[in-house]
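Asker: Pasting a structure below so you can have a look.
Read-outs throughout are calculated quantities, based only on the coordinates presented, and are distinct from any laboratory measurement. Since we're looking at a predicted model, the values are computed, not measured. All Cβ positions, glycine included, derive from the backbone under ideal geometry; neighbour counts span all protein chains shown.
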C-alpha cells in the first residue's frame, strides 16, 4: 500500500501489475522514483510468441 500511495497509482493499476499487464511508462517512472532505481531493475522485456 505504501507503493500505491507513493507512486500515486490507482488500485486498478496495481492489479494490472499483479497480472503482468501493460501499464504506462509514467507509472513505471513514478515507481522507480519511489524505489530510487532504474526501470530495468523493475521490469523485463519478454518477446511475445506468435499468435499471442
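Asker: Under 1.5 on a/c is rounded, so check that first for the chain, then, if it is not, pick prolate when a/b is larger than b/c and oblate when it is not; a ≥ b ≥ c are the square roots of the alpha carbon gyration tensor eigenvalues. Don't jump to the answer; show the numbers that get you there.
Answerer: On the way: a/c = 2.86, a/b = 1.53, b/c = 1.87.
In terms of gyration-tensor shape, oblate.
Asker: Tilt of helix 25-35 relative to the longest C-alpha principal axis of the chain, in degrees (0 to 90, nearest 10)?
Answerer: 50 degrees
Asker: Show that you can apply the helix-only estimate: for the chain, add -39,500 (n - 2.57) for every DSSP H stretch of four or more residues, divide by all residues, and state [θ] at 222 nm to the nearest 500.
Answerer: Result for the chain: -13500 deg cm²/dmol, rounded to the nearest 500.
Asker: Taking the mean number of other Cβ atoms within 10 Å as a proxy for protection, how do you rank 33-39, 18-24 from highest to lowest?
Answerer: Sorting 33-39, 18-24 by mean packing, highest first, produces 33-39, 18-24.
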